[in-house]
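Notes for the one structure printed next.
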Amino acid sequence: MASSAALLLNGLTPLRHSRYADIPHSIDIPVSAGDEDDDDETAVVEVDPNGLPDDPTELCTLLENERSPRQFWMYIALAYAKHERVDIAIEIMTKGLQARAGDAAEKLPMLNLLTWLYLQRSREAARNVPEGAIASEAKTKDYYLQLATQALNESSRLDPSSVISGLARGVYSVFKASVSTSTEKGHHLDTATKIFDDAIRSSRSGNMLATLGKARVLYARRRFDKALECYQEVLLKRPDMDPDPRLGIGLCFWNLGHKDDAAIAWERALELDPASKVAHILLALYHLSVTAATPEYDPKFMENYRQVIDHTQKAYKIDKNFPMACTTFSSHFFSKKGYTQCEALAKKAIEYSDVAAVTADGWYLLGRKWHAEGDWEKALTYYRRSDSLREGWLPAKLGVGQVQVLMKDISSAKYTFEAVVQSYPKCLEAKTILGTLYAHEVLQSIPRTGFAASKEDVTDLHRRAIHLLESVRATWKDKKTDPTREALLLTLARLYENDQPDKALSCLQAVHDIYTQLRETDDETMVPLQLLNNMATFHWHNEKYDLARQLYQTALSSIPELKEKDDTADTDALATTLTYNLARCEEAAGNLDEATKQYEQLLARHDDYVDANMRLAYMALRRGGEEGPRRIQRLMQSDGSNLEVRALYGWYLGKQKRKTAINIAEDPEQRHYKHSLQYHDKHDRYSLTGMGNLYLLTAREMRRDSEAEKEKRRKTYEKAVEFFDKALQLDPKNAYAAQGVAIAMVEDRKDLKSAVQVFTKVKETLARDAHALVNLGHCLAGLEQWGRAIENYETALTKFQHGKDPTTLTCLGRVWFAKGKKERESEPEKSLESFKNALDYAKRALAIAPDNVMFMFNVAFVQFQIVQFSINLPETLRTLEDLEAASKGLDEAIQMFTDVAHSKNPPYPAPEIEARSTMGRNTLRKQMERALQKQREYEEKNAFKLAEARRKRDEDIARRQAAADAVRRDEEDRKRAIAEQRRKMQEEAREYAERKAAEEMARDDGDFDGDGEKRKKRSGGGGGGGGGSSKRKQQKDETVGSDTESDAAGAALATAAKARRNRSKSAITDDDGEKPPAKKRKKLTRRRAASPGGGGGGAGRGKFKSSEVVNSSDDDDLDDLVVPASAPAPAAAAAAAVSADEGGSGSKAAQRKRKPRAAVSDDEEEEEGMGDNLFGEDELEKGAAKADVEMPDRAPTPGGAAGDEDED
């Protein structure tokens, strides 16, 4: 064999695949001998498979001349294919088929090999025709696949059942599926599945190549768990299989989420085959995924990235056309901005890849390259190609949307990202971009002067933008600040700026925290001064003036540092803005001197700064004097075209006092607004609203005595509404214009309900304006909704007017007065309280403006009403204190009416007011005196009645209490008696128990004779089959012969039976302490019925009863009954049981339990034989003593003897 150096010199590469191990080390081709050596049949030509010539013509000629068998053609072709010279191998096999065309058996294997060679070459060929090549001569993937199809068809014609041909067709179907569309892909995969399943079934699961093919099909169908099982089956049966199933196992693990297990499988594959380019590139991708999840500052980041480069380089060196290696290196060069290398490698990956996903990566990298270089059209084209090839490839979709944004195609970009968010709800990048697009559209609809976007679509976009950006923000679980979050937070702050300033401030504070943390690690980092300015402005609007002042001053002091670090920064503009905002903050805080100082400092640097001049003029106008008008006149001369200046001048004209009724055509304010609309801006919202207010005020003061005047007044209101409506069209959120429309609705058409709806919305918009609340209160009062009206008035008075606005106080008094008049008939007791509240508010208004005759008249009028109402109230609903207070108020009211009547401008004609005062002095005074006298008499009389009733009530309560105490004492005495009786009974029971215990001990002592042996109570043996003891027989004879007993014995029997029936929980005992006899009626009856003839056998027992019931011993038992007077009854024995059958020890009745109801005496035990004892003699005698002290649940009853249940 040739050495490695010789191989390299011949242009061949060393062996890399074990799949060619069957090729012999030396190919010996038999040749025919010449004429000189006819007998030499072993002549061969030795061909070294590792030293094959570049031109195979001589070898092919040799094989043709010698008519060599197919294996030599195949060995040489495989030797070329082993060294990746597949084209020569295909040429050899083509010539071989021509040479062996007449032999079908030889042709089939050669066709199979040629098919495999075509498939192998198709994987290595380019997809498209190379540039400069002739299309008809180009050998692309499709070209080789067509040749493979022809070879397969020929093989199938020769042998349709060939397994190798079938496997080749299955692999061919897999190849076709990888380069086909989605519809054709499914068809090819179905075909491959059928072929591989048939091969596995015919080989009884022994065909590993078919199993690998099935695993590949399952993987293509994304059934990774089933594919993993097939790969593992191959690995189990053929660990040395080539291709290595460990690669497929790793890919399945990867897609199932077990990436570490995948890396282990690939490392094992690389260990077995160090030259595996697939294992190298898969490990490179694994380490690349690790770097994506590792922070850049982590040492593991560089370690894993080195592994990525190392494995990729090895894979690329093995095969420079390997698509996955090309895409990986292309991505690397893109990150290094090596766009030329990136483009070349991406194109190579596209050309040589037969996997759609890898081709999509190539197109995506080309899109990124042109995206970075600014060629949006090409980038968009390549992104879309990548998206079409790889289903669900999210980066390509995001690239399409980003390029559409850069191309200003916002509508298409929104559509793209909406589709991405719908398909991938967890894609934060798509949510961020889509939310930013929505926010940009919303913010364009919001002018800097206010929120004017009231259209439903814009409002909906506003909500959706906030929802998307907040959903992204909610995923930030860690508190660590991230500079990439700054843009999202600033966008949210702008969205919240108008509606939710608190949330906007929190977003700005989060950005401030980011810069604060960065400054801790990097001294060069500065908090943006614009950020400090915005935060201070929010604090200023929240009336947190100290915080705002601190932030403004911090920003101003940081300007020199910013100038040192950034020469290009416009520090003068920043200083101007910050100084003006600081002055506005001081002005809002009430520090007018400090505000004036800041404004003047600003004007010293920029004397043409209009806003500062306006603020100084406004403060001068508020202070009064001549300085304000001079300043505003100078402003109009210098900046008369500035709409803000014209608005301030219009406000100044509106504040001028008018001595006469307004003539709208001659009003200077109206002429000013008209001039602004005609010559400056016809859409000036302030001028339109001002014109509407002027027409509204004019209509309000117009006379309405005649129909013509009423019609003119109505048209004036309509003119006002026209101006308000025009302002609302320009700014649908203009609350002042909406308020003017509502006022016109009330004053012109009395449409209070519609006005309430408008004022409610205005109140929500103008959250800091008291006029909206007062106007809403007016409408609610007109609708007689007194409670809501009072609530709105009180809110305006306490929240915005500090409780010192006399007009609002007067409105409150008017509402309470109207409420009292309404309640006068239905609820007079509440009416007086309402009148008192009205008087209180009227007095508070008068206290603020004591010289106002209108407020004086209101107080006097309400006091007169209280007097008249109090006089007419029945005695039961008023008190003497109320009348005295009303009488005192009457004197004050009379004096006030007199003063109002003599004032310069009384609210009503002076004679009418004087007449009212005279009426109070004469008529009301007398009525009040009579009412006082009558009320005093009534209350004195009523007080006596109340005292008498109270005395009777107290006596009744005392009597009831005494009776209750007596009952309680009786109950306590009864309980004590019961307790004492219970104690005595317990004591007696204890004594009885002690006495019985002593008797029991004495009885136990008497059970032994003098010799210390136990006495025998029974004689004779147990009942056998022949009869009982002699004593029992004698007793039985006596019982049978007792038919002639006297009537006295029967009476005694009845008395004894009655005594036993009346016994309930009583203590029964013999004089000797033995148990009394227990219901022997049944027992004796059964014995009597045992044998009519007195014979001994047990066969005839229990079949009939005798008329005799009791023997003579029952009389003695009755004499032995002793019942203690007050002690609880002792229990009968629970363990004494007597057998019903005296004979037949094996009978069933002898094995049943007996109910522990009756006690058996010692006399009866002596009469009964051992056959009646279920437990034996010892157990019965041992339990006798215990049975005497047990407490029965109930007394024994006749017919309830223990032996009843044994009767058959």
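The values are calculated or read from the model by the stated rules, or taken from the named source; none is laboratory data. Source: prediction; values computed, not measured. Ideal geometry is used to build each Cβ from the backbone, glycine not excepted, and the neighbour counts take in all protein chains shown. Keep in mind that these areas ignore ligands, DNA and RNA; they rest on the heavy atoms of the full protein, side chains included. Shrake-Rupley method; radii C 1.70, N 1.55, O 1.52, S 1.80 Å.
Computed values, structure above
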quantity: Every pair of residues 6+ apart whose Cβ atoms lie under 8 Å, when the first sits in region 934-959 and is in contact (Cβ under 8 Å) with a residue 12 or more places away in the chain while the second is among the β-branched types (Val, Ile, Thr); calculated: Gln935/Thr879; Glu939/Thr879
quantity: Hits in region 224-254 - residues which are surrounded by fewer than 24 Cβ atoms within 10 Å (Cβ to Cβ) and within 11 Å of Trp266 (Cβ to Cβ); calculated: Leu247, Leu251, Phe253, Trp254
quantity: Where a residue in region 353-380 is over 23 Å from Met324 (Cβ atoms) and its partner, wherever it lies, is open to solvent by 40 Å² or more (accessible area, probe 1.4 Å) and among the hydroxyl-bearing types (Ser, Thr, Tyr), with Cβ under 7 Å and at least six apart; calculated: Glu373/Tyr339
quantity: Some residue of region 267-277 being closer than 20 Å to Met324 by Cβ, under 38 Å from the mean Cα position of the chain (by Cα), free of Cβ contacts under 8 Å to residues at least 60 places away in the same chain and surrounded by 15 or more Cβ atoms within 10 Å (Cβ to Cβ); calculated: no
quantity: Listing of helices (runs of 4 or more DSSP H) fully contained in region 562-674 that carry 2 or more residues being open to solvent by less than 60 Å² (accessible area, probe 1.4 Å) and acidic (Asp, Glu); calculated: 571-589
quantity: Verdict on Lys733 being assigned to a helix (DSSP H, G or I), open to solvent by 20 Å² or more (accessible area, probe 1.4 Å) and either at negative phi or touching a helix residue (DSSP H, G or I) at 6+ places or on another chain (Cβ under 6 Å) (or both); calculated: no
quantity: Residues of region 472-485 classified as modelled with pLDDT under 90, closer than 30 Å to Glu543 by Cβ and assigned to a helix (DSSP H, G or I), total; calculated: 1
quantity: Failed item in (1) of a type in the set (A, V, I, L, M); (2) within 30 Å of Val174 (Cα to Cα); (3) buried (at least 23 other Cβ atoms within 10 Å of the Cβ); (4) touching a residue at least 24 places away in the same chain (Cβ under 8 Å), with Leu394 passing the rest; calculated: (3)
quantity: Among (1) under 39 Å from the mean Cα position of the chain (by Cα); (2) over 27 Å from Arg127 (Cα atoms) - the single one Met302 does not satisfy; calculated: (1)
quantity: Test for Leu883: is it within 30 Å of Lys830 (Cβ to Cβ), assigned to a helix (DSSP H, G or I) and touching a Gly at 6+ places or on another chain (Cβ under 7 Å); calculated: no
quantity: Count - residues of region 772-827 that are closer than 24 Å to Ala742 by Cα, more than 49 Å from the chain's Cα centre (by Cα) and polar (S, T, N, Q); calculated: 2
quantity: Near pairs, Cβ below 8 angstrom, 6+ apart or cross-chain, from region 288-316 (farther than 28 Å from Asp273 by Cβ and open to solvent by less than 70 Å² (accessible area, probe 1.4 Å)) to any residue that is not in a helix (DSSP H, G or I) and not β-branched (Val, Ile, Thr); calculated: Phe301/Pro295
quantity: Top-ranked residue of region 823-874 - restricted to ones that are among the β-branched types (Val, Ile, Thr) and farther than 18 Å from Glu914 by Cα, ranked as most open to solvent (accessible area, probe 1.4 Å); calculated: Ile848
quantity: Region 806-832 residues that are of a type in the set (D, E, K, R), paired with ones that are assigned to a helix (DSSP H, G or I) and open to solvent by 50 Å² or more (accessible area, probe 1.4 Å) (beta carbon under 8 Å, 6 or more apart); calculated: Glu823/Lys830; Glu829/Leu877
quantity: Count of residues meeting criterion [outside any helix (DSSP H, G or I) and surrounded by 16 or more Cβ atoms within 10 Å (Cβ to Cβ)] in region 322-337; calculated: 1
quantity: Identity of the residue in region 46-101, of a type in the set (Lys, Arg) and either farther than 16 Å from Leu113 by Cβ or assigned to a helix (DSSP H, G or I) (or both), that ends up nearest to the chain's Cα centre (by Cα); calculated: Lys82
quantity: Options Lys710, Lys753, Lys715; residue that is more than 21 Å from Gly654 (Cα to Cα), surrounded by fewer than 20 Cβ atoms within 10 Å (Cβ to Cβ) and in contact (Cβ under 8 Å) with a residue 24 or more places away in the chain; calculated: Lys753
quantity: Residue tally, condition at pLDDT below 90, basic (Lys, Arg) and not in a loop (DSSP other than H, G, I, E, B), over region 754-802; calculated: 3
quantity: Enumeration of residues in region 348-378 that are over 17 Å from Gln404 (Cα atoms), of a type in the set (Gly, Ala, Ser) and in contact with a Ser or Thr (Cβ under 8 Å, 6 or more places away or on another chain); calculated: Ala349, Ser353, Ala356, Ala360, Gly362
quantity: Contacts under 7 angstrom Cβ, first residue in region 782-804 being within 26 Å of Arg749 (Cα to Cα) and without any contact (Cβ under 8 Å) to a residue 24 or more places away in the chain, partner part of a helix (DSSP H, G or I) and of a type in the set (Ser, Thr, Tyr), 6 or more apart; calculated: Tyr793/Thr808
quantity: Region 498-543 - residue that is assigned to a helix (DSSP H, G or I) and of a type in the set (Asp, Glu) and, of those, most open to solvent (accessible area, probe 1.4 Å); calculated: Glu520
quantity: Matching residues in region 875-892 - criterion: being open to solvent by 20 Å² or more (accessible area, probe 1.4 Å) and either under 19 Å from Ala818 (Cβ atoms) or of a type in the set (S, T, N, Q) (or both); calculated: Thr876, Thr879
quantity: Residues (basic (Lys, Arg) and either more than 13 Å from Ile871 (Cα to Cα) or surrounded by 15 or more Cβ atoms within 10 Å (Cβ to Cβ) (or both)) located in region 902-935; calculated: Lys904, Arg916, Arg921, Arg925
quantity: Number of positions in region 803-822 that are open to solvent by 50 Å² or more (accessible area, probe 1.4 Å) and part of a helix (DSSP H, G or I); calculated: 4
quantity: Matching helices (runs of 4 or more DSSP H) fully within region 373-426 where at least 2 residues are under 21 Å from Thr359 (Cβ atoms) and of a type outside the set (Asp, Glu); calculated: 376-389, 394-406
quantity: Filter result (within 16 Å of Tyr438 (Cα to Cα) and open to solvent by 10 Å² or more (accessible area, probe 1.4 Å)) within region 483-495; calculated: Ala487, Leu488, Leu490, Thr491, Arg494
